[in-house]
Amino acid sequence: MRIRSVIVLLPIALLAPVACERARYVDTGSPEGVITVGNVDMQDILKASSGMLESLAETGVLKTAKNKPAQLVMGEIVNDTSSRFDVGEMTYRMREQLVNSGQAAVVTTFGNTPEDKQAQEVLRREKFLKGETSEPLPDPDFSLTGKITQVKRSAGDTKQVTYTFRLTLTNLRSGLEVWTKTVDMTKLGNKNAVGF
Amino acid sequence: MICTTNVTTTKSSAHRALRATTVATFITAAIAVAGCGSVNTTYTRTTPADSAVAAQTRVNDLFQQIFLTAKEVRMNRTKGGPMEVQIDVENNGFAYKTFSYRFDWVDTAGNVIPSQLSVWKVTNVPSGGSTVIRAIAPSDDASDFRLQLRQSES
């Protein structure tokens, strides 16, 4: 009876450490992270924001602005995928890089739905108190808009999803598109995995 | 004597047959392995590019170094101002390789410039093929880079 128990329990005892993985810290966006087939992962967001920033720097489009540094309005960026995530994960990383490095200044007090309504009110009040002509309101150079889309296909159990991040920069003086960039990510498989 | 000769002859035939079988098996295996998704590459440039720069590699993974080789490193200044690096990576192995890489940019003092551009990116290269990995510096101050390369375990 005892031998039989040992025979039954031994393989379970040997497999137990293999099956469980202790929680640990990994670098954000590290290749050791979880990769899913049907969702946009953190690695994808970081790759997309990096690709966008590289293209902006490479073309030098922000240097063509009238204002120095270029003034930027964040327009609508639509997540048109079935993966639920905040688009701000990408845009705030881009803003951090552009604003902190002095390449651009983001106008948060522009339009009817400003990002910082309180700051816009203070600015309008100051303008009103000082007179119409003094201290002009921010005069942005560009607006950034975009869309994230997906194309899903499958063959048997294998799924393939391509997530496409596309951003467009519009010159607010001419109304023309002055920069656009597409970053694709294609993932293939039938189950989620840890590590690339 | 005749018998010995016969035996020797038989042995020699067996050896030759065995050697032929081994060679045939090896060639078949090589064709089978190399044939799976391998690519043939044709290029016209035979000398290093004008923008090619010398690079130093610290090897911690010998297999990775054998199969994935950085053939040429080129650095140029982009239209926008910051530096661009392009590295030709060749896969000399028999299998499709997936690897991730990350560029860190440094200024003239050798300090790393922290940026949102330094992220791990994944790419693939088929057997016998090559790919170009490229990166743009986060600012005009960046003058040099460090590249980390990790091969997938799968």
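Computed from the alpha carbon positions, the gyration tensor of region B:62-151 leads to an equivalent ellipsoid with semi-axes of 26, 13, 11 Å, biggest first.
Only helical runs count toward this figure. For chain A, summing -39,500 (n - 2.57) over DSSP H runs of n ≥ 4 and dividing by all residues gives -10500 deg cm²/dmol at 222 nm. Straight-line reach from residue B:79: taking Cα to Cα under 19 Å and skipping same-chain neighbours fewer than 8 places apart, the lysines in range are A:63, A:66, A:68, A:181.
Across chain A, counting alpha-carbon atoms alone, Rg and Dmax equal 24.4, 96 Å. Taking amide hydrogens as placed 1.01 Å from N in the peptide plane, the amide H of residue B:72 sits under 5 Å from those of B:88, each at least 5 positions away in sequence or on another chain. Within region A:103-196, which trypsin sites (Lys or Arg not before Pro) sit in a loop by DSSP and count at most 14 neighbouring Cβ atoms inside 10 Å? Filter output for region A:103-196: A:173, A:191. Using the membrane-span-like helix rule (whole DSSP H runs, Cα extent along the own axis of at least 15 Å, mean Kyte-Doolittle hydropathy at least 0.0), which helices of chain A qualify? Answer set is A:2-19, A:42-59.
Other protein chain C-beta atoms within 10 Å of residue C-beta, averaged over A:42-50: 4. Inter-chain neighbour count for A:53-61: the average number of beta-carbon atoms from partner chains within 10 Å of each residue's beta-carbon is 6.
Take the Cα of residue A:34, step 7 Å toward its Cβ, do the same at residue A:124, and the gap between the two points is 4.4 nm.
Suppose we flag GluC sites (Glu not before Pro) only when DSSP calls them loop and at most 11 other Cβ atoms lie within 10 Å. Which is the longest uninterrupted stretch of chain A? Of all site-free stretches, the longest is A:22-131. Count Lys and Arg as plus one, Asp and Glu as minus one, and take only other residues whose Cβ is under 13 Å from that of residue A:108; the net charge is then -1. Neighbouring Cβ atoms from other chains, within 10 Å of the Cβ of residues in B:120-131, number 2 on average. Remark: relative contact order (region B:62-151) = 35 percent; criterion is Cα-Cα distance under 8 angstrom and separation of 6 or more residues.
Computed from the coordinates by the stated procedures, all read-outs in this text should not be read as laboratory data. Everything numeric here is computed off the predicted structure, so don't read it as measured data. Cβ atoms come from the backbone with ideal geometry, glycine included; neighbour counts cover every protein chain shown.
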